[in-house]
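> Before anything else, here's the structure in question.
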Amino acid sequence: SWTHLLHVGHPYFAALIADRGWGTLPLHDRIGEIYDVVRNEIDLGYNRADDIPASEVLDERYGQCNMKGTLLMALLRAVGVRCRLHGCTIHKALQRGGAI
């Protein structure tokens, strides 16, 4: 289930939301600020597994694309934004080399 991955009620999320003042921002600004944090402050890197909770991604400050997506969704939901993401599997051969 997504519940164990999103971990929306984790204290890390409440602290970040309070520190950044996201709870008082208009909806559009909340979404943009959260997107910027996940994009710019969470490094792209491989986690130990594909099913770690978003709170762990936030704590470690890095994650691969699906884990950053999970963190994005958890933070958005934590500030009252209804959302869901759709992912796909990428064949390993496509991932080799990283750049085209």
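The values are calculated or read from the model by the stated rules, or taken from the named source; none is laboratory data. All values derive from a computational prediction rather than experimental measurement. We place every Cβ from the backbone using ideal geometry, glycine too, and count neighbours over all the protein chains shown. We work out accessible area using only protein heavy atoms, side chains counted, and drop any ligands, DNA or RNA first. Shrake-Rupley method; radii C 1.70, N 1.55, O 1.52, S 1.80 Å.
> If you count only protein heavy atoms and use a 1.4 Å probe, how large is the accessible surface of Leu25, to the nearest 10 Å²?
In the full protein context, Leu25 sits at about 50 Å².
> Please report the net charge: other residues with Cβ closer than 13 Å to the Cβ of Cys83, K and R +1, D and E -1.
Around Cys83, the charge tally is +4.
> Moving on to the next point. What is the local net charge at Asn47, summed over the other residues whose Cβ is closer than 13 Å to its Cβ (Lys, Arg +1; Asp, Glu -1)?
Neighbourhood net charge equals -3.
> Given the Cα-Cα distance of Asn40 and Ala15 and 0.36 nm per residue of separation, how much length would full extension add, in nm?
Result: 7.1 nm gained on full extension.
> Evaluate E = 1/(1 + (r/R0)^6) for Thr3 and Tyr62, where r is the Cβ-Cβ distance and R0 equals 22 Å; express this FRET efficiency to the nearest 0.05.
Given R0 = 22 Å and the Cβ-Cβ separation, E is 0.45.
> Related question: How large is the Kirkwood hydrodynamic radius of the range 35-80, in angstrom, based on all distinct alpha carbon pairs?
Kirkwood radius, the range 35-80: 10.2 Å.
> Can you list residues whose amide H is under 5 Å from His10's amide H, if they're 5+ apart or on another chain and H is modeled 1.01 Å from N?
none
> What FRET efficiency comes out for Arg82 versus Asp50 if R0 is 22 angstrom and r is the Cβ-Cβ distance? Round to the nearest 0.05.
Working from the Cβ atoms, E equals 0.35.
> Amide H neighbours of Tyr62 under 5 Å, counting only residues 5+ apart in sequence or on other chains, H built in-plane at 1.01 Å?
Long-range HN contacts for Tyr62: Asp43.
> For the chain, give the percent of accessible area contributed by carbon and sulfur heavy atoms, probe 1.4 Å, rounded to a whole number.
Here carbon and sulfur together make up 56 percent of the probe-accessible area.
> If you average 1/r across every pair of different Cα atoms in the chain and take the reciprocal, what Kirkwood value do you get, in Å?
It works out to 14.1 Å.
> Can you work out the Karplus-derived ³J(HN,Hα) for every residue in the range 38-50? Use 6.51 cos²θ - 1.76 cosθ + 1.60 with θ = phi - 60°, whole Hz, and x for glycine or proline.
Once rounded to whole Hz, the list reads 5, 5, 9, 10, 10, 5, 7, x, 8, 7, 5, 7, 8.
> Also, quick follow-up: For Asp29, what charge total do you get from the other residues with a beta carbon under 15 Å from its beta carbon, if Lys and Arg give +1 and Asp and Glu give -1?
My count for the surroundings of Asp29 gives 0.
> Using only Cα atoms, find the angle between the long axis of helix 65-78 and the longest principal axis of the chain, and express it within 0 to 90 degrees, rounded to the nearest 10.
Compared with the principal axis, the helix lies near 10 degrees.
> Using a Gaussian network model of the chain with C-alpha springs under 10 Å, which one of Ile52, Ile34, Ile90 is most mobile by mean-square fluctuation?
Ile90
> Express the accessible area of the chain per residue in Å², computed with a 1.4 Å probe while the remaining protein chains stay in the model.
For the chain, the per-residue accessible area is 67 Å².
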